[in-house]
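The values are calculated or read from the model by the stated rules, or taken from the named source; none is laboratory data. Since the structure is predicted, the reported quantities are computational estimates derived from the model, not experimental observations. Note that each Cβ is placed from the backbone with ideal geometry, even for glycine, and that neighbours are counted across all protein chains shown.
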Amino acid sequence: MRFLSEPAILPRMPRRAFGPVALVVVVAVVDWIVSGVALLDIVKFVAYDVAFVAIPGAALLWAVRGRRSHLLVTVALGWPLGQALEILAFSATAAVGLRGLFLLYPILVTVPCALLIYRRRAGVAQDPDPGGMSVPLMWTVATTLSVGLIYLTIMFLPTAPLPTSTVLIEYPDFPYFLGLIHQVTYHWPPTSAGLYGVPLAYEWFVFFHMAAATQVTHVPVPIIALRLDYVPTILVVGCQLLAVGRYLGRAAWTGALAVIVVLLMGPLDLVASPTAGAFGDGIFINLWDSWTFPFGLLFFLSLLYLITERVRAVTWRTPEDIRSWALIALLMIGGSGAKATVLPVILVGTGMYAVLYVIVRRRLPAAAIVTVGLGIVIFLGTYLVIYAGNTPDTVIAFLKWLGGTPPVLFAETIHHAAVRAIALPLAYVAGAAGLLFPLFGILYLLRRRHHREIPGLTLPFCMLLAGALIASVVHQSSYSEGYFEETGYMAAAIVAAAGLRLAWLDVGRGMPVSRRAAIAATAACVVLFLVVAKVRSGSTATPRSDLDLYAVLIAAVVIILLVWALALRARNRSTSGILALTLIPMVAASVLTTPFVIYPTVRKFIAGVPITDPQPVLVPGLLTALYWLRDHAPIDAVFAVNNHWLDPARVNGKYYYYGAFSERQIFIEAYDPIRYGITPGIPSRAATIFAYRQGVNDAVFNNANVDDLRVMTQQYMVRFLFVDRIHGTFNPAVLKLGDVVFSNQDATIVAVG
C-alpha cells in the first residue's frame, strides 16, 4: 500500500532533531530497564501505544482537518485524539461482550483516514513560528524533559515497588487504582473493586486505557501502571507544552520555557526542612501520584490549542470550522472522563474570555460562545453518564485550598480580632502567590512595552483565573479542589513563559544589566538560597519563622534594588526596568524547589537508608495468598476479608491491597466510603449498601455467624473468606465455616461456596 510510505504523507523529523530525540528516548528506556521492566514488555507496550494510540489519532487529525500538521503538532493533538478513540473503542467492545473486536479498531480508523488523506494530497499546515526551532532550543527541551523525567522517577519509584518485591511498603493510592484497572479488564460495566456490584462514578478513562493495553499486550497490569505508562504521558505533555506555547506565544522559545516552568520550577520553598513544600507540592507531585491528573492534561492542552485556533479564526461555521468543532467535541468527551476538572476549567475560562472580549471589543466572540455551548452540552452528558450526576464529598467552602499555607496559618493565630480581620485577606493573597510562584513571568507582561502581547495570551490566563476561582469556592476530600487550580496553572505556564522570554530579550536593552551579569546574579542567588536552606535545616520551622525568613529576603532584594537605582542615577543612567530585576531571585528560588523536594530521597538512597516507611503493609505470605486466589479462583469469584484498615487504630480505612493483587472482586474491602462515591452523612442507596455490608462482614468474621454467611454466599455470590492473620482480627470458628483451601503463617483462605 504505497500511500502508507508516501514521503508526502508521513511527517518528517528534521535531521537536527535526531540527537535531542535520541537523548529523551535513551533516558526513557534506561528509566524502564533500571526500574525492573523486561525489554520484551517495553517493546510490546511501545508497539501498542504506536499502533492503538499514535497512528489512529494522527490519521484522524489529518483526515478531519484536511491538512497535514507538522510532527510536533501531530503528536500534541493526535496523541490525545488517539487516546479518546482507544477508550471509546475499548468501552464499546467491552460493553457488547466482544472484547476481541478491539484488535480491529486501529485498522477501522486508520485505513479510511489514510485513503482520504491520500486522495486529498493536502499540503502541510502553516508553521506558527516561521523561525522554526533551533538546535539549542531542541537540546534545551530534550534536556528539560530528561531531567524532569528523572525527577519524577526518583519520587515515584520508591513509593511504587513492583509486587514481586519480597516485602511491599505502603503505597499512596496505587492499590486502589490497580483494583479499578482489574475491574475494567475483566468486568463490565465497571463497578467498585472493593464493593462488589455497586456502580462507581469515577474518572475511569485512564484505567480504561491501561486495561486496553494489558488486554492486547498481556503485559501485567502492575508493570503497565507502576512502570510503563507514566513515561509516555509525561513526554507527550512536554511536547504539548512546546507546541501550544509555540502557537500561542508565536515563538518556539515560549513553548520551550513553558516546559521548564512546569517540569523544573515549583512553589516557593526556601526552607528545605521537614515542613518543606508548605506552600503546596504543586504540579510536580501530582504528575506522578495522581494518574488521572496528567492524563487529563493531555486533553486539556490539546483543547487549549484547538480553542485558540477557533477564537483566532475569522469564521466559525464553514465546513473546515465544523470539522474542528468535531475534534474539540471528541477531546471534550475524552477530557471529561479523564479528569473531572478539565471541562469546568475550559467552560469557565472560555466564558471569562468571552465576557472580556465583549467588554473590550463591544461584540460577541462567536467561537468562544460556541465553545461554551458545546462544552455545556458535553459536560451535562458526561456528568450524567460517567459521573451519574454525583459530586461525592464536594461542598461549598471558600478558600480552603489556601488554608494550609504559612501566611494563612500565621494570620489565624493572631489573637486581636481586628488585626486578624485585616491580616487574613492579605495572608490568602500571599498564600496564593506562594503556590503560583513559578508563574511570576506573567508580571513582566505588565511592562508598557509588552502590552501588545497580552491579547494573544488572554485565553490561557483566563484558564488560570477559572481554575483558581473554582478551587476557591468548593472543597473536596484531601483538598482535591486544588486540581482545578493546577489545571489552569498549566495554561498560565505558557503565559509565564512568554513573559520570561521577553524578559530575556530585554536584558541588556530594556533592563540595566547585561546577560552575563544576569546569569552570574542568578547563580549567586542559588548559592545564597542553598546556604540559607542549609543553615535552617537544623532548626524547627514554623509558619512564623518561615514568614520571617521570606520577609528578610524580600527586604534584602528591595535594598539591593534601591542601591542599584541610586547608583544608576548618580551616573546619569536610566533606571528603566530596575523592578524587573526581581525576576532573578525568583528564578533562583523557583528552580530550587524540586531539588529540595527530591533531596531527602536521594540522600537516603546514597546512605543506604530505606527511602519509605520500613513497616510493611503487605508481607510475602499475604501476597502469596492473594496470588493463590488470582490463580485458582474464577474471574467472577467474590471473596470477603477480615481487615479494612491500614493502621491498628482503625482510622485510615484505605486498605486496598486485597483487590489490587488478587485481581478479584470483594464483598466489602476498605472501610472508606469516599472511595465508593459515598459522602458520609448524606443518605444514598450506596451508603445504605455500604453500612449493611459492614454489619454482615463484621458478623461473619467476629462472630462466625452462619446466617450472615448465608447472606454473603446466596445474595452476593461470595465464594471465599480471606483471613488476614497480620492485620485483622477474627473468630477462630470462622475457619470451620467451610473448607480451608490455602493457609500459611500470614493468611488463610476458606472456601464457602
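Since Pro130 meets every condition but one in (1) modelled with pLDDT under 90; (2) over 28 Å from the mean Cα position of the chain (by Cα); (3) assigned to a helix (DSSP H, G or I), which condition does it not meet?
(3)
Of the conditions (1) in a helix (DSSP H, G or I); (2) in contact (Cβ under 8 Å) with a residue 60 or more places away in the chain; (3) touching a strand residue (DSSP E or B) at 6+ places or on another chain (Cβ under 8 Å), Arg693 clears all except one; give me its number.
Answer for Arg693: the failing condition is (3).
Which pairs do you get when a residue that is over 22 Å from Asn705 (Cβ atoms), found in the stretch 639-656, comes within reach of a residue that is among the basic types (Lys, Arg), reach meaning Cβ atoms under 6 angstrom, with the pair 6+ apart or on two chains?
From the stretch 639-656, the pairs are Leu646/Lys654.
Within the stretch 382-429, how many residues are among the β-branched types (Val, Ile, Thr) and part of a loop (DSSP other than H, G, I, E, B)?
Number of matching residues: 5.
Condition check ((1) surrounded by fewer than 21 Cβ atoms within 10 Å (Cβ to Cβ); (2) at pLDDT 95 or above; (3) part of a helix (DSSP H, G or I); (4) touching a strand residue (DSSP E or B) at 6+ places or on another chain (Cβ under 7 Å)) across all residues:
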position: Val30; (1), (2), (3), (4): yes, yes, yes, no
position: Gly36; (1), (2), (3), (4): yes, no, no, no
position: Lys44; (1), (2), (3), (4): yes, yes, yes, no
position: Val50; (1), (2), (3), (4): yes, yes, yes, no
position: Val53; (1), (2), (3), (4): no, yes, yes, no
position: Leu60; (1), (2), (3), (4): no, yes, yes, no
position: Ala76; (1), (2), (3), (4): no, yes, yes, no
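Here's the yes/no breakdown for (1) of a type outside the set (Gly, Ala, Ser); (2) farther than 28 Å from Asn731 by Cα:
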{"site": "Ile668", "(1), (2)": "yes, no"}
{"site": "Gly677", "(1), (2)": "no, yes"}
{"site": "Ser684", "(1), (2)": "no, yes"}
{"site": "Thr688", "(1), (2)": "yes, no"}
{"site": "Arg693", "(1), (2)": "yes, no"}
{"site": "Val696", "(1), (2)": "yes, no"}
{"site": "Ala699", "(1), (2)": "no, no"}
{"site": "Asn703", "(1), (2)": "yes, no"}
{"site": "Asp708", "(1), (2)": "yes, no"}
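Yes or no: Ile346 of a type in the set (Val, Ile, Thr), surrounded by 19 or more Cβ atoms within 10 Å (Cβ to Cβ) and not assigned by TED's automatic domain parsing to the domain that holds Gly78?
yes
Working carefully through the options Ala637, Ala625, Ala633, Ala567, find the one that is more than 31 Å from the chain's Cα centre (by Cα), of a type in the set (A, V, I, L, M, F, W, C) and loosely packed, with under 13 Cβ neighbours inside 10 Å.
Details: Ala637 fails: loosely packed, with under 13 Cβ neighbours inside 10 Å; Ala625 fails: loosely packed, with under 13 Cβ neighbours inside 10 Å; Ala633 fails: loosely packed, with under 13 Cβ neighbours inside 10 Å.
Going through Ala637, Ala625, Ala633, Ala567 in turn, the sole match is Ala567.
Go through (1) touching a Lys or Arg at 6+ places or on another chain (Cβ under 8 Å); (2) free of Cβ contacts under 8 Å to residues at least 40 places away in the same chain; (3) assigned to a loop (DSSP other than H, G, I, E, B) one by one and return the number of the condition Asn572 breaks.
(1)
Which one of these is of a type in the set (D, E, K, R), in contact with a Phe, Trp or Tyr (Cβ under 9 Å, 6 or more places away or on another chain) and under 26 Å from Ala367 (Cα atoms): Glu481, Glu453, Glu486?
On the way: Glu481 fails: under 26 Å from Ala367 (Cα atoms); Glu453 fails: in contact with a Phe, Trp or Tyr (Cβ under 9 Å, 6 or more places away or on another chain).
Of the residues listed, the single one that is of a type in the set (D, E, K, R), in contact with a Phe, Trp or Tyr (Cβ under 9 Å, 6 or more places away or on another chain) and under 26 Å from Ala367 (Cα atoms) is Glu486.
So Ala496 ticks every box in (1) closer than 30 Å to Leu409 by Cβ; (2) modelled with pLDDT of 90 or more; (3) assigned by TED's automatic domain parsing to the domain that holds Ala588 but one. Which box is left unticked?
Every listed condition holds for Ala496 apart from (3).
Tell me, which residue of the stretch 146-156 that is within 16 Å of the chain's Cα centre (by Cα) and not aromatic (Phe, Trp, Tyr) is nearest to Lys654 (Cα to Cα)?
Filtering the stretch 146-156 down to residues within 16 Å of the chain's Cα centre (by Cα) leaves 148-149, 151-153, 155-156.
Adding the requirement that they be not aromatic (Phe, Trp, Tyr) leaves 148-149, 152-153, 155.
On the way: Gly148: 30, Leu149: 29, Leu152: 24, Thr153: 24, Met155: 21 Å.
So the residue we want is Met155.
Being more than 30 Å from the chain's Cα centre (by Cα) and part of a helix (DSSP H, G or I) narrows it down to one residue among Val360, Val377; which is it?
Going through Val360, Val377 in turn, the sole match is Val360.
Which pairs do you get when a residue that is in the same structural domain as Gly255 (by TED's automatic domain parsing) and part of a helix (DSSP H, G or I), found in the stretch 467-492, comes within reach of a residue that is buried (at least 24 other Cβ atoms within 10 Å of the Cβ) and at pLDDT 95 or above, reach meaning Cβ atoms under 9 angstrom, with the pair 6+ apart or on two chains?
Filtered contacts from the stretch 467-492: no entries.
Output yes when any residue across the stretch 389-401 is more than 22 Å from Ser478 (Cβ to Cβ) and among the aromatic types (Phe, Trp, Tyr), and no when none is.
Checking the stretch 389-401: not a single residue is more than 22 Å from Ser478 (Cβ to Cβ) and among the aromatic types (Phe, Trp, Tyr).
I'm trying to understand the selection: among the residues of the stretch 95-111, which are touching a helix residue (DSSP H, G or I) at 6+ places or on another chain (Cβ under 7 Å) and closer than 15 Å to Pro189 by Cβ?
Arg99, the sole residue that qualifies.
With (1) within 30 Å of Val513 (Cα to Cα); (2) of a type in the set (S, T, N, Q); (3) free of Cβ contacts under 8 Å to residues at least 24 places away in the same chain as the list, and Ser545 as the residue in question, which single condition is left unmet?
Unmet condition: (1).
Only residues in the stretch 319-331 that are under 16 Å from Val377 (Cβ atoms) count as the first member; pair them with residues that are outside any helix (DSSP H, G or I) and among the aromatic types (Phe, Trp, Tyr), Cβ under 9 angstrom, at least 6 apart or cross-chain, and list the lot.
Qualifying pairs under 9 Å: Trp325/Trp316.
Answer yes if at least one residue in the stretch 322-340 is surrounded by fewer than 21 Cβ atoms within 10 Å (Cβ to Cβ), over 18 Å from Ala471 (Cα atoms) and either basic (Lys, Arg) or touching a Phe, Trp or Tyr at 6+ places or on another chain (Cβ under 8 Å) (or both), and no otherwise.
Yes; the residues of the stretch 322-340 include at least one that is surrounded by fewer than 21 Cβ atoms within 10 Å (Cβ to Cβ), over 18 Å from Ala471 (Cα atoms) and either basic (Lys, Arg) or touching a Phe, Trp or Tyr at 6+ places or on another chain (Cβ under 8 Å) (or both).
Looking at (1) surrounded by fewer than 16 Cβ atoms within 10 Å (Cβ to Cβ); (2) not in a helix (DSSP H, G or I), find the lone condition where Val552 falls short.
Every listed condition holds for Val552 apart from (2).
Could you tell me how many of the residues in the stretch 161-173 are among the hydrophobic types (A, V, I, L, M, F, W, C) and buried (at least 20 other Cβ atoms within 10 Å of the Cβ)?
We begin by selecting, within the stretch 161-173, every residue among the hydrophobic types (A, V, I, L, M, F, W, C); these are 162, 167-169.
Subsequent filtering for residues that are buried (at least 20 other Cβ atoms within 10 Å of the Cβ) retains 168.
Total satisfying the criteria: 1.
Return the residues of the stretch 663-690 that are free of Cβ contacts under 8 Å to residues at least 60 places away in the same chain and part of a helix (DSSP H, G or I); say none if nothing qualifies.
Selection gives Pro673, Arg685, Ala687, Thr688.
With the structure loaded, tell me whether Arg227 is over 19 Å from Asn286 (Cα atoms), out of contact with any His (no Cβ under 6 Å at 6 or more places or on another chain) and touching a residue at least 40 places away in the same chain (Cβ under 8 Å) or whether it fails that test. Spell out how you get there, then give the answer.
On the way: over 19 Å from Asn286 (Cα atoms): no; out of contact with any His (no Cβ under 6 Å at 6 or more places or on another chain): yes; touching a residue at least 40 places away in the same chain (Cβ under 8 Å): yes.
Taking the combined requirement at face value, the residue does not satisfy it.
Would you please name the residue that is surrounded by the fewest Cβ atoms within 10 Å (Cβ to Cβ), looking only at residues in the stretch 404-430 that are more than 22 Å from the chain's Cα centre (by Cα) and touching a residue at least 24 places away in the same chain (Cβ under 8 Å)?
Thr413
Name the residue, out of Val750, Val740, that is under 30 Å from Ile169 (Cβ atoms), touching an Asp or Glu at 6+ places or on another chain (Cβ under 9 Å) and not in a helix (DSSP H, G or I). Steps first, answer last, please.
Working: Val740 fails: touching an Asp or Glu at 6+ places or on another chain (Cβ under 9 Å).
From the options Val750, Val740, the qualifying one is Val750.
Can you name the residue in the stretch 164-189 that is farther than 18 Å from Trp288 by Cα and assigned to a loop (DSSP other than H, G, I, E, B) and, of all such residues, is farthest from the chain's Cα centre (by Cα)?
Residue satisfying both the conditions and the ranking: Thr166.
Kindly indicate whether Arg710 is over 26 Å from Asp647 (Cα atoms) and surrounded by 16 or more Cβ atoms within 10 Å (Cβ to Cβ). Reasoning before the result, please.
Details: over 26 Å from Asp647 (Cα atoms): yes; surrounded by 16 or more Cβ atoms within 10 Å (Cβ to Cβ): no.
Judged against the criteria, Arg710 is not a match.
Take the conditions surrounded by fewer than 14 Cβ atoms within 10 Å (Cβ to Cβ) and touching a helix residue (DSSP H, G or I) at 6+ places or on another chain (Cβ under 8 Å) and apply them to Arg544. Does it pass?
Details: surrounded by fewer than 14 Cβ atoms within 10 Å (Cβ to Cβ): yes; touching a helix residue (DSSP H, G or I) at 6+ places or on another chain (Cβ under 8 Å): yes.
When the stated conditions are applied, Arg544 passes them.
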